[in-house]
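Comments concern the structure below.
The values are calculated or read from the model by the stated rules, or taken from the named source; none is laboratory data. What you see is a predicted model; the values in this text were computed from it and never measured. Cβ placement follows ideal geometry from the backbone for every residue including glycine, while neighbour counts extend to all protein chains displayed. These accessible areas exclude ligands, DNA and RNA; they are computed on the full protein's heavy atoms, side chains included. Shrake-Rupley method; radii C 1.70, N 1.55, O 1.52, S 1.80 Å.
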Amino acid sequence: MEGWRGAWYVPCLASLETLQELCRKENLRCKSIGITNRSLKSYEVEYLCDYKVEEGKEYYLVKWKGWPESSNTWEPEKHLNCPLLLQNFLSDKNEYLSRVREGKALKVRNHIKALKPAIADYVVKKAKQRIALQRWKEELNRKKNHKAMILVENTVDLEGPPLDFYYINEYKPAPGINVLNGITTGCECADCPAEKCCPKEAGFILAYNKRKKLKIQPGLPIYECNSYCRCGPDCPNRIVQKGTPYSLCIFRTNNGRGWGVKTLQKIKTNSFVMEYVGEVITSEEAERRGQLYDNQGNTYLFDLDYDSDEFTVDAARYGNVSHFVNHSCDPNLQVFNVFIDNLDLRLPRIALFSTRTIKAGEELTFDYQMKGSIDLTSDSADGLSPSKKRIRTVCKCGAVCCRGYLN
């Protein structure tokens, strides 16, 4: 289309069903909404919507993949070759009944003639949520720049992927802010730990030992080798820049803290876990946004105050997995300031390291008030919310040493 290069990109307001119907009408393929060569020529079950028994035969209402809901049909069970979808349907039905009965012993009746509308509605919502979370997981793994996997899990409620969150791997600077400057040369080391490497040039010790574990105290900066250094990718002073080394899971918490993050692998003490990224904005802009976020009950403002408080990282809309990390008064992660391809002390990168051994399946947390990291502000239902103090917010971390408030 003429002039498309100058157009603004906006979210599509059409429903998935409308888009599917339009694609079929025009014989167009679109993999992201389920319209492929295969789905145009054949019928594949996407999920099951309802159940009934007529004349002794069991029927399921089928949503066909790539077809709008107006094309749903009742099919006898013998026509269905989708054991996993049948299992999901029955599991979701029983889950709804269990919740309605408030955890009482569930007696599943096998002679039900039809599902109540409320049950069918819940089953469809769970099926749509499952599909949406799967698509979100695939999107996150397409966009990440590290080898470790990102999983998504919600066994708590019907909440789907956040609607206004965009995954990024590094700082997204606001106009006029340069997050890559100050580096023109690198080290000439053949063995970085033993020679006069980047940290020593900056007046500090090397942050890592030979096992690539952190050996410095909180509050001290980390200077890693940069793109001008002669050392290769296996240099022991290149840790944060390689990205998250552990497979992580974004999961829905069951105690009102929204989304959280847990590790799927054991993490040893003093290991790099993830970097905190988002939009880099001025502190003045952060103050303006903070007022708006307070009214919404959430904010993700992180002050870059290693040398000054001129800049802030806002991970509300743009961020990585760290966007979903929750607060704890007894955390297992610690914040460190990192300098790699930028020596501007006003713009350190923020890295989270383990403070102890973390078991597989354990939730990852850090203290929003920990020294050398951030000054807390108002709470976020979905996770972190560091900035300048504004609202007194009750802490839900559950730690024995809980201070009672996030700020």
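(1) modelled with pLDDT of 95 or more; (2) crowded, with 18+ Cβ neighbours inside 10 Å: which one isn't true of PHE302, the others all being true?
It is condition (1) that PHE302 fails.
May I ask you to list the residues in region 33-56 that are touching a helix residue (DSSP H, G or I) at 6+ places or on another chain (Cβ under 8 Å) and open to solvent by 50 Å² or more (accessible area, probe 1.4 Å)?
Listed by number, the list holds a single entry, GLU44.
Tell me, please, whether a residue that is of a type in the set (Lys, Arg), in contact (Cβ under 8 Å) with a residue 40 or more places away in the chain and under 19 Å from ILE239 (Cβ atoms) can be found in region 317-336.
No, every residue in region 317-336 fails to be of a type in the set (Lys, Arg), in contact (Cβ under 8 Å) with a residue 40 or more places away in the chain and under 19 Å from ILE239 (Cβ atoms).
Among the residues of region 222-241, is any open to solvent by less than 30 Å² (accessible area, probe 1.4 Å), of a type outside the set (Lys, Arg) and on the phi > 0 side of the Ramachandran plot?
Scanning region 222-241 turns up no residue that is open to solvent by less than 30 Å² (accessible area, probe 1.4 Å), of a type outside the set (Lys, Arg) and on the phi > 0 side of the Ramachandran plot.
Would you be able to say whether some residue in region 296-315 is in the same structural domain as LEU151 (by the TED database), without any contact (Cβ under 8 Å) to a residue 24 or more places away in the chain and of a type in the set (A, V, I, L, M, F, W, C)?
No - not one qualifying residue is present in region 296-315.
Give the residue, chosen from GLY258, GLY278, that is open to solvent by less than 50 Å² (accessible area, probe 1.4 Å), closer than 27 Å to ALA207 by Cβ, assigned by the TED database to the domain that holds LEU180 and within 21 Å of the chain's Cα centre (by Cα).
Exactly one residue qualifies, and that residue is GLY278.
Among the residues of region 195-210, are any outside any loop (DSSP other than H, G, I, E, B) and out of contact with any Leu (no Cβ under 9 Å at 6 or more places or on another chain)?
yes
Table: residues versus (1) open to solvent by 30 Å² or more (accessible area, probe 1.4 Å); (2) assigned to a helix (DSSP H, G or I); (3) at pLDDT 95 or above.
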| residue | (1), (2), (3) |
| --- | --- |
| LYS107 | yes, no, no |
| LYS128 | yes, yes, yes |
| GLN134 | yes, yes, yes |
| GLU139 | yes, yes, yes |
| HIS146 | no, no, no |
